[in-house]
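To start, the structure itself, in structure tokens.
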Amino acid sequence: MQVVIRNRILLVADIAGALALPAVALWFRLGDYHLIGTYGAQLAAYAWLALMVKFTAFWLAGIYRRYWRYASIDELLMIHGAAFSAAIVATPAYYIAVAPLIGGPRLPFSVPLLDLLLTIGYTGLVRFSPRLVEHVAQKLRGRTVRDRVLIVGAGDAGTMIARELRANRFADIEPVGFIDDNRAKHENVIHGLPVLGGRESIPEVARDYGVNKVIIAMPRVAGHEIRAIRDICDRARLATKIVPNFADIISGRVSISQLRDVDIEDLLRRKPVETDQKAVGDLLSGVTVLVTGAGGSIGGELCRQIAGLGIRELVLLGHGENSIFDIHQELKTKHPGLRLVPAIANVRDPARIRRVFETFRPVAVFHAAAHKHVPLMEWNPDEAVTNNLLGTRNVLEAAEATGTKHFVLISTDKAVNPANVMGATKLLAETLVHEAAVRSSRAYVSVRFGNVLASRGSVVPAFRKQIAAGGPVTVTHPDITRYFMTIPEAVQLVLQAAALGSSGETYVLDMGEPVKISDLAKDLIRLSGLEVDKDISIVYSGLRPGEKLYEELFNEGEEVSRTAHDKIFMVRNGRPSVAQRQRIPELLQAAQAGDAIRIRHLLQEIVPGYKEASMSPPDARASDPGLAARQERVARS
């Protein structure tokens, strides 16, 4: 609307100029304004003819569709072209068709030429003078505009960004308008800025208004929407910034006005999860909560979100002193009134774990401590069993003995039809949780989810390091896919599942559509400002031991049902039989003895669907021919 109103004003100015400039041109030619009346009829006829031709030429050239506040040399050339076109048409039309029909002396031949020059000068002056005044004012204020930006999204986030930009918080950034796919908003004015069209208009609007950067202010939309907008901007060679996603904003880590580059989390994120904050708050308000693995990616985020739920005390339990120190310092700064207890302990040590529980008697426990790397656990199966299974048993026994009411095991989609040691141990850990829930009649549950973007040791940081080193980026297989979630989203759903849990259920989070790892690698290369196969190549190295092409959500034989939350499923059954579960102590003994062959043999007998993978990574065998023989001697001993 603002563009339309301003251009209507310009149209009125053009009409006035078109009617007046021929008289000025005649005055310049005659040198005496008293003689102008002699040519009165001819002058009026030419002026009206010139007006119609100039308006038509200006309209066809698109002059009235431009936002002249940000005009450039291209617009000046447009004015020249339209004015010349009008003169070429109007001049012969006047002398051949109009002048003979009207009495009195014809206008001198120099008048149309002078009118052309005056039209160019007048039209340019009318359109460029506001910008000139603004430029001078900025210089006087010491302000230089470096970036003219479009704001994509005329909702709450976009208007907040516009308000802050116009308040000169960012002195070198000037917003020119909004882009929004809601047609009802088009041609409206918000905070003094026009809504200039939908996303398909971005290249044209950017070209017309001298835009060199786009701010995506849509924190609630899904990743595929961000991807589509970024692709449009890339094709138009426009830099992009984005406001933080909704999960980061509500967690308090960032404010909506903090702009950053588009990241892989933005391209893969889904619509924000709607959680029942009251139910989660009621569960944890005023109690002591303990988180194992508190220094890890998931454990740390659990601590961040739990700390803001009105709990009385938070016990940060972990084996790595540096990571526990870091999360403790972070939370101490953000929540100075919360009692925080850093507890350095190994979940493999039952006596130490029991002492921690007896000292603090947590009402709710979130068990995130685990080994998670599939290839490493294939190489170290005894570590996988003692940490993931024995550690879970120790924490469960301490929780039962000290009256813990709520227990949540952080599990994985790799526990579904496990093809590797890590997944098999997590499935057995789910079994232990279920048995503890049956024994105690307490709300002990497990929560499965897939890969977490940007978590420690995940594929995204690994790819970024490879890109920074100049490549290549290594992907195991061109068709391999994985489910991905952002860390805050996964933790939100874990907390929601904790509020839903009652008696040993396993909850599975809705992880959206699986993502091709090769597509993920390509996205990261492009986000780094590089081209795939030109700057950075992708190399396929082959599947690693225990690695599947596709992850699954449910084990065979599991009964799946929906919960009150549309992003959380509940599964029952599908667990090892009683006879199989009775062999878990035997498995733990083999792990404590370091008997890798016995561990794999027992996992095949205990865990439904488990298939033994290669004993060691092929690259390790190739680099050390004597490795297999030494392994066999260790196994026999």
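Scanning the stretch 294-318 for residues being open to solvent by less than 20 Å² (accessible area, probe 1.4 Å) and either part of a strand (DSSP E or B) or at positive phi (or both) gives a total of 6. Taking R348 as the residue in question, decide whether it is at pLDDT 95 or above and more than 24 Å from H371 (Cβ to Cβ). In short, no.
So, in the stretch 430-448, of the ones that are open to solvent by less than 10 Å² (accessible area, probe 1.4 Å) and of a type outside the set (D, E, K, R), which residue ends up nearest to V508 (Cα to Cα)? The residue in question is V447. Filtered by the rule that a residue be free of Cβ contacts under 8 Å to residues at least 60 places away in the same chain and within 15 Å of A498 (Cβ to Cβ), the stretch 289-306 gives a lone residue, C303.
Taking the stretch 194-206 as the region of interest, how many residues are in contact (Cβ under 8 Å) with a residue 24 or more places away in the chain and either farther than 19 Å from I173 by Cβ or of a type in the set (V, I, T) (or both)? Before you say what the answer is, go through the steps one by one.
Initially, the stretch 194-206 is screened for residues in contact (Cβ under 8 Å) with a residue 24 or more places away in the chain, giving 194-196, 199-200, 202-203, 205-206.
Cutting the leftovers down to either farther than 19 Å from I173 by Cβ or of a type in the set (V, I, T) (or both) gives us 195, 199-200, 202-203, 205.
Residues flagged as in contact (Cβ under 8 Å) with a residue 24 or more places away in the chain and either farther than 19 Å from I173 by Cβ or of a type in the set (V, I, T) (or both) within the stretch 194-206 amount to 6.
Figure legend. Inter-residue proximity from the stretch 494-507: first residues touching a residue at least 60 places away in the same chain (Cβ under 8 Å), second residues among the polar types (S, T, N, Q) and in a helix (DSSP H, G or I), beta-carbon distance below 8 Å, spacing 6+ or different chains. Indicated pairs: L495/Q305. Return the total of residues in the stretch 179-219 being assigned to a strand (DSSP E or B), open to solvent by less than 30 Å² (accessible area, probe 1.4 Å) and among the hydrophobic types (A, V, I, L, M, F, W, C). Looking only at that region, the number is 6. Of the listed requirements (1) among the aliphatic types (A, V, I, L, M); (2) under 30 Å from R526 (Cα atoms); (3) at pLDDT below 90, A419 misses just one: (2).
Considering only residues that are of a type in the set (D, E) and open to solvent by 70 Å² or more (accessible area, probe 1.4 Å), which ones fall in the stretch 520-562? I'd like the intermediate steps shown before the answer.
Of the stretch 520-562, the ones of a type in the set (D, E) are 523, 531, 533, 535, 547, 551-552, 556, 558-559.
If the condition is that a residue be of a type in the set (D, E) and open to solvent by 70 Å² or more (accessible area, probe 1.4 Å), then E531, D533, D535, E552, E556, E559 are the ones that fit.
Listed conditions (1) among the polar types (S, T, N, Q); (2) open to solvent by 10 Å² or more (accessible area, probe 1.4 Å); (3) in a helix (DSSP H, G or I); (4) under 30 Å from S503 (Cβ atoms) are all met by N417, apart from (3). Residues that are of a type in the set (G, A, S) and within 17 Å of V374 (Cα to Cα) were ranked within the stretch 457-472; the one that is least open to solvent (accessible area, probe 1.4 Å) is S458. Scanning the stretch 396-412 for residues that are within 19 Å of A490 (Cβ to Cβ) and crowded, with 24+ Cβ neighbours inside 10 Å yields F407, V408, L409, I410, S411, T412.
Please go through the stretch 374-389 and give me each residue that is open to solvent by 10 Å² or more (accessible area, probe 1.4 Å) and under 17 Å from H319 (Cα atoms), ordered by number. Before the answer, list the steps.
Let us first name the residues in the stretch 374-389 that are open to solvent by 10 Å² or more (accessible area, probe 1.4 Å), namely 374-377, 379-380, 382-383, 386-387.
Once the filter is applied, which keeps residues that are open to solvent by 10 Å² or more (accessible area, probe 1.4 Å) and under 17 Å from H319 (Cα atoms), the stretch 374-389 yields E383, T386, N387.
Y483 - would you say it is of a type in the set (F, W, Y) and modelled with pLDDT under 90?
Taking the combined requirement at face value, the residue satisfies it.
Restricting attention to the stretch 473-515, the residues that are more than 17 Å from the chain's Cα centre (by Cα), open to solvent by 10 Å² or more (accessible area, probe 1.4 Å) and more than 26 Å from I311 (Cα to Cα) total 8. For the stretch 115-128, the set of residues classified as among the aliphatic types (A, V, I, L, M) and open to solvent by less than 50 Å² (accessible area, probe 1.4 Å) consists of L116, L118, I120, V126, listed by residue number. Scanning the stretch 11-36 for residues that are assigned to a helix (DSSP H, G or I), open to solvent by 20 Å² or more (accessible area, probe 1.4 Å) and not aliphatic (A, V, I, L, M) gives W27, F28, R29, Y33, H34. Given (1) within 21 Å of I63 (Cβ to Cβ); (2) at pLDDT 85 or above; (3) touching a helix residue (DSSP H, G or I) at 6+ places or on another chain (Cβ under 7 Å), where does I179 come up short, assuming only one miss? Unmet condition: (1).
Per-residue answers, yes or no, for (1) in a strand (DSSP E or B); (2) at pLDDT below 85:
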| site | (1), (2) |
| --- | --- |
| A437 | no, no |
| S446 | yes, no |
| A454 | no, yes |
| P461 | no, yes |
| G470 | no, no |
| D479 | no, no |
| S502 | no, yes |
| K522 | no, no |
| I525 | no, no |
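Counting the residues of the stretch 319-358 that are farther than 15 Å from A399 by Cα, part of a helix (DSSP H, G or I) and open to solvent by less than 80 Å² (accessible area, probe 1.4 Å) gives 7. Scanning the stretch 486-509 for residues that are out of contact with any Phe, Trp or Tyr (no Cβ under 6 Å at 6 or more places or on another chain) and closer than 18 Å to D266 by Cβ yields T486, I487, P488, E489, Q492.
The values are calculated or read from the model by the stated rules, or taken from the named source; none is laboratory data. Everything numeric in this text was worked out from a predicted model, so none of it was measured. Counting neighbours? That spans all protein chains shown, and the Cβs are built from the backbone with ideal geometry, glycine included. Side chains are part of the model used for accessible areas, which takes the heavy atoms of the whole protein and leaves out ligands, DNA and RNA. Shrake-Rupley method; radii C 1.70, N 1.55, O 1.52, S 1.80 Å.
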